[in-house]
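What follows is a short report on a single structure.
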Amino acid sequence: ADRTYDVSTLEPVVAKPHSPDNKDLAKNCRDVRIDRVYIGSCTGGKTEDFLAAARILKDRKVSVPTYLVPATQKVYEDVQTLKIDGKKLSEIFYEAGCIDPAAPSCAACLGGPKDTFARLNEPEVCVSTTNRNFPGRMGNKEGQVYLASPYTAAASAITGYVTDPREVYDFDKIRRSAESLADAA
């Protein structure tokens, strides 16, 4: 059966702890204070994810530690070379106050040992672009992970709360897909 959707009515959604099925609108979670943001791993660490996050973070500052983990070496290289308005993504992230991108890996998405990059070693609240948020998935079993798009993750990094990205960025002003954000080579 054919279906038609009015995408102008869609709203940013997050998956609240502790299941990807525990979804709610990002705007309904705006009172949730966060301790960190994690953009990366296989699901949320693609080139277009970093382009989307850079779009939100350009000329802004993060208010919580913001970790970046490219999915592959190619994505890592894209973060170092692709530009938005003449500025490399890596420069945008650095100027925003993000932690330097890690080597491509799963990193904290799988928890791992206590020295794993970006692992939740304390019962912190994290907005993450990964794909699972079960107890202990990113480390501490009492940690709370909100799954979100890179747009929502970046907006939340700016405010320090779970944030609908439309609160910090005017998407109507510039309508472009994430893939078309980078400057032409």
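The values are calculated or read from the model by the stated rules, or taken from the named source; none is laboratory data. Because the structure is predicted, anything quoted here is derived from the model rather than measured. Here Cβ is always computed from backbone atoms with ideal geometry, including for glycine, and neighbour counts include all displayed protein chains. In case anyone asks, the SASA skips ligands and DNA or RNA and just uses the protein heavy atoms, side chains included. Shrake-Rupley method; radii C 1.70, N 1.55, O 1.52, S 1.80 Å.
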Quick check on segment 3-11. Is at least one of its residues under 20 Å from SER156 (Cα atoms), touching a helix residue (DSSP H, G or I) at 6+ places or on another chain (Cβ under 9 Å) and open to solvent by less than 90 Å² (accessible area, probe 1.4 Å)?
yes
Which of the residues that make up segment 1-34 are in contact with a Ser or Thr (Cβ under 9 Å, 6 or more places away or on another chain), outside any loop (DSSP other than H, G, I, E, B) and charged (D, E, K, R)?
LYS27
What are the residue pairs meeting all of these: first residue in segment 31-44, first residue more than 12 Å from ILE158 (Cα to Cα), second residue polar (S, T, N, Q) and outside any strand (DSSP E or B), Cβ atoms under 6 Å, and 6 or more apart or on different chains?
ILE39/THR129; SER41/THR130; THR43/THR130; THR43/ASN131; GLY44/THR129; GLY44/THR130
Residues of segment 126-145 that turn out to be open to solvent by 20 Å² or more (accessible area, probe 1.4 Å) and under 16 Å from the mean Cα position of the chain (by Cα), as a count
3
Check TYR94, TYR38 and return the single one that is farther than 16 Å from VAL168 by Cα, out of contact with any Gly (no Cβ under 7 Å at 6 or more places or on another chain) and assigned to a helix (DSSP H, G or I).
TYR94
Residue that is at pLDDT 95 or above, open to solvent by 30 Å² or more (accessible area, probe 1.4 Å) and within 18 Å of ARG137 (Cβ to Cβ), where the choices are TYR76, TYR67:
TYR67
Any hit, segment 44-52, residues being open to solvent by 20 Å² or more (accessible area, probe 1.4 Å) and out of contact with any helix residue (DSSP H, G or I) (no Cβ under 7 Å at 6 or more places or on another chain)
no
As an exercise: evaluate LYS83 against (1) within 20 Å of TYR146 (Cβ to Cβ); (2) open to solvent by 40 Å² or more (accessible area, probe 1.4 Å) and give the number of the one condition it does not meet.
(1)
